Amino acid sequence: MKRFSIKKVISMILIFSIFSTQSSFATELDDAMEQKENLEKELNNSEEKLENLKESESQINGELENLDTQLTEVSGKLENLEGELKLKQEDIQRTSDELEYTKKQLKSEYEMMKKRIKFTYENNSMSILTVLLESDSIAGFLNKITYFLKISDYEQRKMDEYNKLANEVSQKKEKLQKEYDEASALKNEITARQEELTSLVAEKQKAKEAAAESIAKAEEEESHVQEELDATNETITAIKQALAAMEAERKAAEEAARQKAQEEAKKQAENAANNDVSNDNNSSPEENTNNGSGGVFLWPCPSSTRISSDYGYREIIDGVTSSTSHNGIDIPAAAGSNIIAAESGKVIIARYSNTAGNWITISHGNGLCSVYMHASKLYVSEGQNVNKGDVIAAVGTTGSSTGNHLHFGVSLNGAYVNPWNYLR
């Protein structure tokens, strides 16, 4: 009865060790879920930031388009105004020439008038009395006086006409000059506006380039966060698969322990009835050199083919006998020996665990994964793609281990399966 109790305690310890491993994975799952939540928040922030940047870029493009339109209009006005100024300048030049000509004509007419008046008075120096005495009649006298007066009026009218023409031309020139000055001032204003718009366009163009650069950077950050989130989701899936496999192992171990206990109890009862108490024989884990057959995986530890603990149920001897399920094969090898990828795939776990030590899980697709535990060093990282035969780690004794060895396992859809079915 006492021996049965000891065996029962040992079975409970073995089951507890399985639960301890599950607890470690559960902790990692909690950490991964927390990381996933943080990454999802970060991804949402990145998406919001990217959306704001794109809205800003769209606004800048709209402003730039508006400035381009204004600049085109101003440039058109400036071009038209320059044409008008050219015409005004030509009109002013023609008017100046006309004014100069009129002034010359006025001066010439004035000189001729002076000569005519001088000639008249020098050659016809008759007084009114002389004109009266030489006239045949009063009518003749009046005719001569009227003639002289008409000549004087003609000269005066001619002078008045030339003066009026000169004034009109001068006023026309002043008006044209005023219009030209106003157009020149307007041209200066439009030119200043053109320069201002050109400067604004250059600034907006720089802002557009900066926005495009920020968007590219934000998209890169978003892509990086998405990759991390995808990798974390793969890790969560792998951990859940591992937990499911461990739960299956736990139940199998419980059932095996229960059956073993029943067998031992039955055996003890028979021995007690026959007064023949037998002692259990001690045994140690059997080593073999089974290399498997018919699989597609490479042997994961090229430097050693020994097996210190095979896949399946194994007996643990420490004065008493019990059993537990071993979800892989243990390959003893020298510390630092190469561990290679049994098949090509993507690394979904590459980290440290209190139980598995430095360990790696590689996903090969379709729910198939290979697992490598207790390494001294890891040469790959999560999210990395590896090829069949690549060196991924070095043999060690990290985690829950009693010596340098590689624990190699294979899981399918979250449940550990016999690795010999895949090794060649």
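Here are the numbers for the structure shown:
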quantity	calculated
Set Val225, Val169: member being modelled with pLDDT of 85 or more and touching a helix residue (DSSP H, G or I) at 6+ places or on another chain (Cβ under 6 Å)	Val225
So Thr72, is it at pLDDT 85 or above and among the β-branched types (Val, Ile, Thr)	yes
Selection count, the range 372-396, where residues are in contact with a strand residue (DSSP E or B) (Cβ under 7 Å, 6 or more places away or on another chain) and either touching a residue at least 60 places away in the same chain (Cβ under 8 Å) or assigned to a loop (DSSP other than H, G, I, E, B) (or both)	12
Residues satisfying the stated conditions in the range 368-402, i.e. closer than 13 Å to Ser337 by Cβ, small (Gly, Ala, Ser) and surrounded by fewer than 19 Cβ atoms within 10 Å (Cβ to Cβ)	Ser376
Flag if Lys107 is modelled with pLDDT under 85 and surrounded by fewer than 16 Cβ atoms within 10 Å (Cβ to Cβ)	yes
Residues within the range 323-352 that are in contact with a strand residue (DSSP E or B) (Cβ under 7 Å, 6 or more places away or on another chain) and part of a loop (DSSP other than H, G, I, E, B), tallied	10
Pair list, Cβ < 8 Å and 6+ apart or interchain, from the range 68-80 residues that are surrounded by 14 or more Cβ atoms within 10 Å (Cβ to Cβ) to residues that are hydroxyl-bearing (Ser, Thr, Tyr)	Leu71/Thr198; Leu78/Thr191
Tyr180 being in a helix (DSSP H, G or I), at pLDDT below 60 and not hydrophobic (A, V, I, L, M, F, W, C)	no
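Residues are listed down the side, and each one gets a yes or a no for (1) within 30 Å of Gly409 (Cβ to Cβ); (2) in a helix (DSSP H, G or I); (3) in contact with a Leu (Cβ under 8 Å, 6 or more places away or on another chain):
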position	(1), (2), (3)
Thr191	no, yes, yes
Glu196	no, yes, no
Ala207	no, yes, no
Ala211	no, yes, yes
Ala216	no, yes, no
Ser223	no, yes, no
Leu229	yes, yes, yes
Thr237	yes, yes, no
Ala244	yes, yes, no
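The values are calculated or read from the model by the stated rules, or taken from the named source; none is laboratory data. Nothing here was measured: the structure is a model prediction, and the numbers come from that model. Using ideal geometry, Cβ is built from the backbone for each residue, glycine included, and neighbour counts are taken over all protein chains shown.
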